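The values are calculated or read from the model by the stated rules, or taken from the named source; none is laboratory data. Not measured: the values here are computed from a predicted model. Cβ coordinates were reconstructed from backbone atoms using ideal geometry, including for glycine residues, and neighbour counts include every protein chain displayed. The protein model used for the area step is the full one, side chains on, heavy atoms only, and it has no ligands, DNA or RNA in it. Shrake-Rupley method; radii C 1.70, N 1.55, O 1.52, S 1.80 Å.
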Amino acid sequence: MINLIDRAIEQFLRERVPLPEASIGLAFDAPDSAWGAALNRPTVNVFLWEICRAGAGVASTGLPERRVANGQTERRPASPVIDFHYLITGWASEMRDEHQLLGLVLRAVLTHPKLPDGYLPDGVASGACTLALAGADEPIRGDFWSALGGKLKPALKLRLSVPLAVFCWQAAGEP
């Protein structure tokens, strides 16, 4: 399932920024200095650094219902909303180019508060998937940067909130 989320982020960035595959790389690897030294073209790194349940204000509750073709009612528990936190960095030979890449990604995220329909395959999400920059109250710990070689880089903290369709529909009895 996480690979489908990554693919959706990649497709979104390639199409909406845009990041042409022929000239700009896009990677999901840990962005350490050894990885950066091996690059031979400008690259946007989208590193998934945390997965957690969304805050209480975002969580869904209740038992959603639907009617199926034979007129029967089906129910399932509400889908849990999961936050996928990505650290997005730009990598190029010049800092100016890195900033330009980050600026283009920033614009795409700010102009799309929801992941547009069609990026995730059917059955993965059970509602709108929101895109946002993580706030200052969601810091990246210093030991995170030291684990990546200690070199600080400008970065965007992207939060994708996905109501995951993990529960199956079950036939409900008549009232």
*Where residues in region 68-93 are among the hydroxyl-bearing types (Ser, Thr, Tyr) and surrounded by fewer than 17 Cβ atoms within 10 Å (Cβ to Cβ), which of them is nearest to residue 34 (Cα to Cα)?*
93
*residue 120 versus (1) modelled with pLDDT of 85 or more; (2) out of contact with any helix residue (DSSP H, G or I) (no Cβ under 7 Å at 6 or more places or on another chain): which is the lone unmet condition?*
(2)
*Check on residue 101, among the aliphatic types (A, V, I, L, M) and either open to solvent by less than 60 Å² (accessible area, probe 1.4 Å) or on the phi > 0 side of the Ramachandran plot (or both)*: yes
*Given the structure, is residue 21 within 28 Å of residue 126 (Cα to Cα), modelled with pLDDT of 95 or more and surrounded by fewer than 13 Cβ atoms within 10 Å (Cβ to Cβ)?*
no
*Have a look at 4, 48, 26, 39 and point out the one that is touching a residue at least 40 places away in the same chain (Cβ under 8 Å) and closer than 17 Å to residue 97 by Cβ.*
39
